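The values are calculated or read from the model by the stated rules, or taken from the named source; none is laboratory data. Source: prediction; values computed, not measured. Positions of Cβ are generated from backbone atoms using ideal geometry, with glycine treated the same way; all protein chains shown enter the neighbour counts.
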């Protein structure tokens with residue numbers, strides 16, 4: 001099985017040696033000077049392991065020594081993608097590729113008042129009556145208010161079949177739910193149709209059946225009516241199976257080379273495909289700095305064949321292929337076997353792919369730019385905490401707002417994306433300025449109309465609405481609505 005996935009890297013750091021004292025026998029063996037290294041490398045390694053196990057003062061365990069030796073061999077390669085998996089780690093890796101985990105079936109976010117439930121999947125949490133918008137304040141008898149998100153989620157997750165009791169706040173009322181943990185399959189492919197015949201499909205992993213799911217979803221949307229354009233969102237997709245990327249390419253290109261490869265001998269053994277099809281509508285691929293491996297394989301191929309336009313930011317730059325090799329005594333090695341190039345011989349490894357349309361400002365401007373480019377004419381947002389909907393459709397993207405002194409501020413690039421405007425820097429005013437698409441309106445926030453926070457310029461909606469008469473917004477302190 002060939003994998004293209006950033007995966008996991010386990011690192012081991014040796015402690016610094018501050019001083020060293022050697023106590024040696026009065027005399028070395030008479031023939032010590034004539035000793036030479038003999039035997040195979042495997043025999044030497046085995047002998048050292050056995051001597052350390054039987055003679056070292058710490059009485060080390062053979063398992064611990066062999067794990068350390070394996071790790072040292074892998075680290076000597078200087079390749080973060082070649083890894084040794086114990087049987088447990090191999091299962092964890094396979095689950096990550098398939099988007100499986102043991103838990104209760106929620107997507108959460110850390111908030112000042114607890115752990116906010118941003119999404120509920122099919123599974124035990126939904127069956128227990130937990131809802132999007134609930135805030136977890138206790139897991140068992142332990143408060144999670146102010147706790148790191150990793151600590152809170154580790155308490156929620158656990159062994160399948162065990163139960164966890166959650167104390168939640170819903171609309172100011174405290175409730176308690178007991179949920180049985182089980183293996184959760186997070187959807188790998190999701191989608192929705194926007195006005196104007198624009199279809200949006202998000203792929204979060206190149207699992208073994210992701211291509212089939214995309215094909216089925218495309219057929220479904222075609223059955224609902226004509227598709228005018230398609231957005232395939234590969235942002236934050238770390239990769240997966242090479243075969244899946246190849247099968248997905250066949251949905252958009254009839255035949256050709258998926259990638260060129262360079263093995264240890266420098267030979268190119270291209271990965272080719274045939275029997276594909278084309279689509280009658282324009283295709284847009286969304287990518288960002290966490291789109292890696294198989295995401296880059298597919299995006300690079302569709303760019304080279306002029307079958308899609310890439311929107312977003314430069315991709316991760318993981319241009320190598322790994323094989324997962326089972327070991328006779330359990331576990332596996334994930335070994336880098338090839339570097340790959342795009343069909344037009346573009347380098348990907350440590351370089352990444354540049355989008356055709358670059359977007360700055362984060363996830364929400366990326367999504368809104370893609371929707372506008374694909375043909376969605378009017379944009380409206382509704383934001384409750386981190387839960388954002390665009391034109392009535394829930395999305396995973398979000399953005400921060402400021403509420404200060406009775407004013408509501410949003411990031412300048414989010415506002416510009418809603419308005420279809422451009423953002424430029426006004427050196428004279430030491431501030432950003434917004435230009436309408438036709439150049440008829442140039443707006444620079446004045447006084448309290450703009451605030452710079454953590455490197456992001458936020459603009460007062462009240463002041464911006466005076467310049468852009470088509471801007472409509474409301475904010476009751478809980479829900480922000482924004483559109484034109």
Since residue 389 meets every condition but one in (1) in a loop (DSSP other than H, G, I, E, B); (2) surrounded by fewer than 17 Cβ atoms within 10 Å (Cβ to Cβ); (3) at pLDDT 95 or above, which condition does it not meet? (1)
Name the pairs: first residue in the range 133-154 and part of a helix (DSSP H, G or I), second residue modelled with pLDDT of 95 or more and surrounded by 16 or more Cβ atoms within 10 Å (Cβ to Cβ), Cβ to Cβ under 6 Å, at least 6 apart or on different chains? 152/115; 152/144
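From the list 176, 159, which one is surrounded by fewer than 18 Cβ atoms within 10 Å (Cβ to Cβ) and part of a loop (DSSP other than H, G, I, E, B)? Lay out the reasoning, then the answer.
Numbers: 176 fails: part of a loop (DSSP other than H, G, I, E, B).
After applying the criteria, what remains is 159.
Just to be sure, is residue 276 assigned to a loop (DSSP other than H, G, I, E, B), surrounded by fewer than 18 Cβ atoms within 10 Å (Cβ to Cβ) and at pLDDT below 95?
Details: assigned to a loop (DSSP other than H, G, I, E, B): yes; surrounded by fewer than 18 Cβ atoms within 10 Å (Cβ to Cβ): yes; at pLDDT below 95: no.
Considered against the rule, which asks whether it is assigned to a loop (DSSP other than H, G, I, E, B), surrounded by fewer than 18 Cβ atoms within 10 Å (Cβ to Cβ) and at pLDDT below 95, residue 276 comes out as no.
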Give me the pairs, please: first residue somewhere in the range 335-355 and free of Cβ contacts under 8 Å to residues at least 12 places away in the same chain and not assigned by TED's automatic domain parsing to the domain that holds residue 303, second residue anywhere and surrounded by fewer than 15 Cβ atoms within 10 Å (Cβ to Cβ) and in a loop (DSSP other than H, G, I, E, B), beta-carbon distance under 7 Å, and either six or more positions apart or on two chains. none
Looking across the range 44-88 at residues that are more than 29 Å from the chain's Cα centre (by Cα) and in a loop (DSSP other than H, G, I, E, B), the single one that is surrounded by the most Cβ atoms within 10 Å (Cβ to Cβ) is 60
Cβ pairs under 7 Å, 6+ apart, first in the range 53-75 and under 29 Å from residue 322 (Cα atoms), second in a loop (DSSP other than H, G, I, E, B): 71/12; 74/82
Count of residues meeting criterion [in contact (Cβ under 8 Å) with a residue 60 or more places away in the chain and surrounded by fewer than 19 Cβ atoms within 10 Å (Cβ to Cβ)] in the range 310-323: 1
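Quick one: which of 213, 167 is closer than 21 Å to residue 115 by Cβ and modelled with pLDDT of 95 or more? Explain how you work it out, then say what you get.
Values: 213 fails: closer than 21 Å to residue 115 by Cβ.
Going through 213, 167 in turn, just one is closer than 21 Å to residue 115 by Cβ and modelled with pLDDT of 95 or more: 167.
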Exactly one condition in (1) surrounded by 20 or more Cβ atoms within 10 Å (Cβ to Cβ); (2) in contact (Cβ under 8 Å) with a residue 60 or more places away in the chain; (3) assigned to a loop (DSSP other than H, G, I, E, B) is false for residue 245; which is it? (3)
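Any chance you could count how many residues in the range 95-117 are closer than 20 Å to residue 205 by Cα and either part of a loop (DSSP other than H, G, I, E, B) or touching a strand residue (DSSP E or B) at 6+ places or on another chain (Cβ under 7 Å) (or both)?
Step one: filter the range 95-117 for residues closer than 20 Å to residue 205 by Cα, giving 95-103, 105-108.
Next cut, either part of a loop (DSSP other than H, G, I, E, B) or touching a strand residue (DSSP E or B) at 6+ places or on another chain (Cβ under 7 Å) (or both) only: 95, 97-103, 105-108.
Adding up the residues that qualify gives 12.
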Look through the range 118-132, keep the residues that are touching a strand residue (DSSP E or B) at 6+ places or on another chain (Cβ under 7 Å) and assigned to a loop (DSSP other than H, G, I, E, B), and return whichever of them is surrounded by the most Cβ atoms within 10 Å (Cβ to Cβ). 130
